[in-house]
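Notes follow once the structure below has been shown.
The values are calculated or read from the model by the stated rules, or taken from the named source; none is laboratory data. Note that the structure is predicted; figures quoted are calculated from it, not measured. As a convention, Cβ positions derive from the backbone with ideal geometry for all residues, glycine included, and neighbour counts pool all protein chains shown.
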Amino acid sequence: MKDTFLLISLLFLWCLIHSLLASLPIKFFIKNRFGDKVIRYYRMAYNIFAVVSFLPIIGLMIVLHDNQLYSIPKPWVVFPLIAQFISFLFLAIGLKETGALEFLGLHVLMGQLEPEHRVINISGLYKYVRHPLYSAGLV
């Protein structure tokens, strides 16, 4: 029980920091404090930080004792596998529609600049869901 509480607490803390760093006030603060040259690399640094700071949580998930919550019998296990496969396809399509380099912040390394005025994408998967990458990832 103590292990579960620790894991949930760390996950909550990670989500809180992740959300705060994604907020506009933090981005505006960074831009005003350090300028346009630094803010160009913010998305890439944000993604690197998100991955690196999540590694200890993954490590805890691996080393802490766990209990099986449920088991899906043989003939029915096909349905979750199909859902995961479709979710993976949506993830790939969403990444293509989003632009992998821009999403990861690597576009600045390729010499591409951020557009000054972004337009909300409402085509493709974005026509049906606001964030197809998160939605597919949750499945």
message = Tell me yes or no: at least one residue of region 21-43 is of a type in the set (Ser, Thr, Tyr), closer than 25 Å to Leu109 by Cβ and touching a residue at least 12 places away in the same chain (Cβ under 8 Å).
response = yes
request  = Kindly provide the set of residues from region 13-25 that are surrounded by 10 or more Cβ atoms within 10 Å (Cβ to Cβ) and either of a type in the set (A, V, I, L, M, F, W, C) or under 13 Å from the mean Cα position of the chain (by Cα) (or both), ordered by number.
outcome  = Leu13, Trp14, Cys15, Leu16, Ile17, His18, Ser19, Leu20, Leu21, Ala22
inquiry  = Just to be sure before I move on: is Leu10 farther than 25 Å from Leu104 by Cα, touching a helix residue (DSSP H, G or I) at 6+ places or on another chain (Cβ under 6 Å), of a type in the set (A, V, I, L, M, F, W, C) and surrounded by 11 or more Cβ atoms within 10 Å (Cβ to Cβ) in the structure I sent?
reply    = no
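Look at Leu109 and say whether it is more than 20 Å from Leu138 (Cα to Cα), out of contact with any Pro (no Cβ under 6 Å at 6 or more places or on another chain) and in contact (Cβ under 8 Å) with a residue 40 or more places away in the chain.
Answer is yes for this residue.
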request  = Count, please, the residues in region 49-79 that happen to be without any contact (Cβ under 8 Å) to a residue 40 or more places away in the chain, more than 30 Å from Ile122 (Cβ to Cβ) and either surrounded by 12 or more Cβ atoms within 10 Å (Cβ to Cβ) or among the aliphatic types (A, V, I, L, M) (or both).
outcome  = 10
Residue check, Phe103 assigned to a helix (DSSP H, G or I) and either modelled with pLDDT under 80 or surrounded by fewer than 11 Cβ atoms within 10 Å (Cβ to Cβ) (or both) = yes
key: Residue identified as within 17 Å of Leu101 (Cβ to Cβ), of a type in the set (Val, Ile, Thr) and within 15 Å of the chain's Cα centre (by Cα) among Ile48, Ile58   = Ile48
inquiry  = Being of a type in the set (Ser, Thr, Tyr), over 14 Å from the mean Cα position of the chain (by Cα) and part of a helix (DSSP H, G or I) is the requirement here; does Ser9 meet it?
reply    = yes
request  = Find the residue count for region 1-52, including only residues that are closer than 29 Å to Leu69 by Cβ, modelled with pLDDT under 90 and either hydrophobic (A, V, I, L, M, F, W, C) or assigned by TED's automatic domain parsing to the domain that holds Gly99 (or both).
outcome  = 5
